[in-house]
Amino acid sequence: MAHGQKIVVVGGGYVGMYTALRLQKKLRRGEADITVIDPQSHMTYQPFLPEAAAGSIEPRHVVVPLHKVLRGCHVLTGRVSAISDAEKKVTVETAAGHTTSLDYDVLVVAPGSVARTLPVPGLPEQGIAFKNVGEAIYLRNHVLSRLDAAATTDDPELRRRLLTFMVVGGGYAGVEALAELADMARYATKYYEGIAAEDLRWVLVEAMNRIMPEVGPKMGVYTVGRLIDAGIEVLLETRVESMVGGHVVLSDGTEFDADTIVWTAGVKPNPMLEQTDLPLGPRGHVLCAADLAVEGKPGVFSAGDCASVPDLSKDDPQARTSPSAQHAVRQAKVLADNIVAHLRGGETKPYKHSYAGSVASLGLYKGVAQIYGVKLRGFPAWFMHRTYHVSRMPTWNRRFRIVMDWTTALLMGREVVALGQIHEPKAEFSRLAAPKPVAPAAPVAGTDAGEPVRRSA
């Protein structure tokens, strides 16, 4: 039996946090020392980001503080910059600005994914991603601030630009963010003089010929219909060619100005993996066996968005599990059990889970779902979406707070206030505290400016 083994978990997301939670419960005291490393000191439950952005859930309630829930682990806030399995070392740039290295006996590689970007002119300057709670808060404030600005201008072109919102990417993240934000913005127009819900223009751009492929073709068509019914333009088989200065040019020749461009066009494995000696697939995923062990690397495991894991529920030997929260949470359970077996010299088990289905919210009281072949639409699907995800939310503390947020929003309505100051909290104080320019002294009467004053002897 191994004693005092060092376990390092890279990433505090779904896989990292759930794996560490299960390890701290299953391992005996002194059997292993667990360290979890992540740039943020919290885990974000991403399926609730759209509702956090729309004001149905308090943003702090969709994140789980790692220091609080991982009492049996060391939590190191920092960014992993390199991994050398040959030396059994992980290099970390800590939050304090120092660079340090950690030794390990067992390594869990779960840094997750990042937004997949394309070389679209203007994207770095104009695009807003939607992967973390900070971006959700920013997007909420940004959308509401556009209404504030539009209500104060008589320029029709500027007003049209301010009230045009575009989302690029028709997957779960894009559709749910679009539906929730559009609902919020329409609700907010009731409190703005001179702005009607019909003045808002929401555009969804998707390069494929369908949206949300996870729910099947028929449900995808239904979803498009519901979005169109809500006044949202859906452009399929269309790409963004340029967005320089907010001027959008699409592949079908359409051009318009938009002051809000949300980029949700897919994800890719964390690029940090390129700074490791781990085996990577053609798209940058860590190559894993069915038991989640990294190929050719004893004592190294991986799962989640960054891993290429065989999908044993399908007959195709080349099939890999999809990058979803559903797989990540279930893989974490198997991963933790396999690490315990590895430490104790036991036999590891393969990960095998049939995809149960998908649920998605299309705004308040609207949704689509496909669970074990059963298709649901409208309110039942929306209710199932909320029920499923609140049951997956870590800790009863967070579940209770989210349910209370929903109850408060139901009884008292959404909060529609823009807190743009949080993005530049020092701006006003810096302006007030800045030294005032000193005015030049006035010339003495009877003299020319710049000439010395002559005194009589």
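The values are calculated or read from the model by the stated rules, or taken from the named source; none is laboratory data. No experiment lies behind these values; they were computed from the predicted model shown. In this analysis, Cβ positions are derived from the backbone assuming ideal geometry, glycine residues included, and neighbour counts consider all displayed protein chains.
Summary of computed values
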read-out	value
Top-ranked residue of region 148-158 - restricted to ones that are part of a helix (DSSP H, G or I) and touching a helix residue (DSSP H, G or I) at 6+ places or on another chain (Cβ under 6 Å), ranked as nearest to I34 (Cα to Cα)	A149
L181 being assigned to a loop (DSSP other than H, G, I, E, B) and under 19 Å from the mean Cα position of the chain (by Cα)	no
Positions within region 197-209 being out of contact with any helix residue (DSSP H, G or I) (no Cβ under 6 Å at 6 or more places or on another chain) and either aliphatic (A, V, I, L, M) or in a loop (DSSP other than H, G, I, E, B) (or both), in sequence order	V203, V205, E206, A207, M208, N209
Single unsatisfied condition, D311 versus (1) in contact (Cβ under 8 Å) with a residue 12 or more places away in the chain; (2) crowded, with 19+ Cβ neighbours inside 10 Å; (3) not polar (S, T, N, Q)	(1)
Qualifying residue in region 243-258 (condition: more than 28 Å from G122 (Cβ to Cβ) and surrounded by fewer than 16 Cβ atoms within 10 Å (Cβ to Cβ))	no
Qualifying residue in region 191-202 (condition: in the same structural domain as F130 (by TED's automatic domain parsing), within 24 Å of T254 (Cα to Cα) and touching a residue at least 60 places away in the same chain (Cβ under 8 Å))	no
Residue selected from region 66-118 under the condition closer than 27 Å to V267 by Cα and charged (D, E, K, R), by the criterion surrounded by the most Cβ atoms within 10 Å (Cβ to Cβ)	D85
Residue that is more than 30 Å from V294 (Cα to Cα), in a helix (DSSP H, G or I) and either in contact with a Lys or Arg (Cβ under 8 Å, 6 or more places away or on another chain) or touching a residue at least 24 places away in the same chain (Cβ under 8 Å) (or both), where the choices are V143, V167	V143
Residue list for region 368-396, restricted to those being outside any helix (DSSP H, G or I) and surrounded by fewer than 13 Cβ atoms within 10 Å (Cβ to Cβ)	Y372, G373, V374
Filter result for the condition that a residue is under 24 Å from the mean Cα position of the chain (by Cα), over 30 Å from V221 (Cβ atoms) and touching a residue at least 12 places away in the same chain (Cβ under 8 Å), over V403, V359	V403
Pairs where the first residue, in region 214-239, is over 18 Å from G367 (Cβ atoms) and among the hydroxyl-bearing types (S, T, Y) and the second is surrounded by fewer than 20 Cβ atoms within 10 Å (Cβ to Cβ) and at pLDDT 90 or above, C-beta under 8 Å, 6+ apart	T238/A207; T238/L250; T238/S251; T238/D252; T238/T254
Any hit, region 96-103, residues being over 24 Å from the mean Cα position of the chain (by Cα) and in contact (Cβ under 8 Å) with a residue 60 or more places away in the chain	yes
Given (1) without any contact (Cβ under 8 Å) to a residue 24 or more places away in the chain; (2) surrounded by 22 or more Cβ atoms within 10 Å (Cβ to Cβ), index of the condition A136 fails	(1)
Region 12-37: number of residues that are outside any loop (DSSP other than H, G, I, E, B) and either of a type in the set (G, A, S) or touching a strand residue (DSSP E or B) at 6+ places or on another chain (Cβ under 7 Å) (or both)	12
Test: residue in region 159-178 that is at positive phi and surrounded by fewer than 22 Cβ atoms within 10 Å (Cβ to Cβ)	no
Whichever residue in region 319-338 is over 14 Å from C288 (Cβ atoms) and more than 23 Å from the chain's Cα centre (by Cα) and, among such residues, is surrounded by the most Cβ atoms within 10 Å (Cβ to Cβ)	A336
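So that you can scan it fast, the table gives a plain yes or no per residue for (1) closer than 16 Å to C306 by Cα; (2) out of contact with any Leu (no Cβ under 7 Å at 6 or more places or on another chain); (3) in contact (Cβ under 8 Å) with a residue 12 or more places away in the chain:
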| residue | (1), (2), (3) |
| --- | --- |
| K6 | no, yes, yes |
| Y14 | yes, yes, yes |
| L23 | no, yes, yes |
| K26 | no, yes, yes |
| R29 | no, yes, no |
| Q40 | no, yes, yes |
| Y45 | no, yes, yes |
